[in-house]
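J.: Here it is: the structure, laid out below.
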Amino acid sequence: MQSIRTIANTFLAVAVVTFLLPACKKENNTPVNVVEVVPMGTVLASGSFVSNVHNTSGTVKVTQDGMGKKFLVFENFKTDNGPDLRVWLSPNNSASSYVQVGTLRAVSGNFSYELTPAINYSTNNRVLIWCEDFSVLFGHAVLQ
């Protein structure tokens with residue numbers, strides 16, 4: 001009887017490890033590297049990333065093309081991977097208020113986001129790399 005109980009407990013432990021624990025893990029599905037042709041134009045503001053909870057580096061700038069469109073351009077960007085990373089513009093690092101630009105396109109490389117006319121990058125002059133799932137600020141840059 002004891003051996004049947006031992007086999008059942010072993011089977012249960014294997015089932016938990018095999019099926020349930022992986023389901024608790026968050027996927028880091030942000031692409032590792034991307035190199036896009038970033039839009040050229042007049043630089044309206046720029047800043048350098050600094051690390052907060054995770055190593056983050058590179059530069060970011062707001063550019064305006066000849067048609068009046070504005071872009072948030074990341075160059076030589078690099079941060080750690082994490083689940084559900086977002087790009088936010090905020091007036092502070094606490095993200096008590098923010099405008100979401102989009103999900104982070106990659107954890108390293110050159111890429112950009114088109115800014116809608118409603119986004120005020122002067123008021124929301126901090127570019128935050130924010131982990132939505134865990135409310136963690138990976139890194140930030142101040143646009144000047």
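The values are calculated or read from the model by the stated rules, or taken from the named source; none is laboratory data. A quick note: this is a predicted structure, and the numbers were derived from the prediction, not measured. So basically every Cβ, Gly included, is an ideal-geometry build from the backbone, and we count neighbours across all protein chains shown.
J.: For residues that are surrounded by 19 or more Cβ atoms within 10 Å (Cβ to Cβ) and among the aromatic types (Phe, Trp, Tyr), scanning just the stretch 122-144, find the one that is nearest to Thr59 (Cα to Cα).
T.: Phe138
J.: Related question: In this structure, does Gly82 turn out to be closer than 16 Å to Thr30 by Cα and in a strand (DSSP E or B)?
T.: no
J.: Same structure, new question: Please specify each residue of the stretch 41-57 satisfying the condition of being part of a strand (DSSP E or B) and touching a Leu at 6+ places or on another chain (Cβ under 6 Å).
T.: Once the filter is applied, which keeps residues that are part of a strand (DSSP E or B) and touching a Leu at 6+ places or on another chain (Cβ under 6 Å), the stretch 41-57 yields Ala45, Gly47.
J.: Among Val60, Val107, Val53, Val73, which is the only one that is within 14 Å of His140 (Cβ to Cβ), buried (at least 16 other Cβ atoms within 10 Å of the Cβ), at pLDDT 95 or above and β-branched (Val, Ile, Thr)?
T.: Testing whether each residue is within 14 Å of His140 (Cβ to Cβ), buried (at least 16 other Cβ atoms within 10 Å of the Cβ), at pLDDT 95 or above and β-branched (Val, Ile, Thr) leaves just Val60.
J.: Additional query: What is the number of the single condition among (1) among the hydrophobic types (A, V, I, L, M, F, W, C); (2) in a loop (DSSP other than H, G, I, E, B); (3) in contact (Cβ under 8 Å) with a residue 24 or more places away in the chain that Val60 does not meet?
T.: In the conditions (1) among the hydrophobic types (A, V, I, L, M, F, W, C); (2) in a loop (DSSP other than H, G, I, E, B); (3) in contact (Cβ under 8 Å) with a residue 24 or more places away in the chain, Val60 misses (2) alone.
J.: Oh, and also: Would you tally the residues in the stretch 90-144 being outside any loop (DSSP other than H, G, I, E, B) and more than 12 Å from the chain's Cα centre (by Cα)?
T.: 12
J.: From the residues in the stretch 90-118 that are free of Cβ contacts under 8 Å to residues at least 40 places away in the same chain and hydrophobic (A, V, I, L, M, F, W, C), which one is farthest from Ser51 (Cα to Cα)?
T.: Once the filter is applied, the top-ranked residue is Ala118.
J.: Would you confirm, using the coordinates I've provided, whether Thr30 is surrounded by 11 or more Cβ atoms within 10 Å (Cβ to Cβ), modelled with pLDDT of 80 or more and hydroxyl-bearing (Ser, Thr, Tyr)?
T.: When the stated conditions are applied, Thr30 does not pass them.
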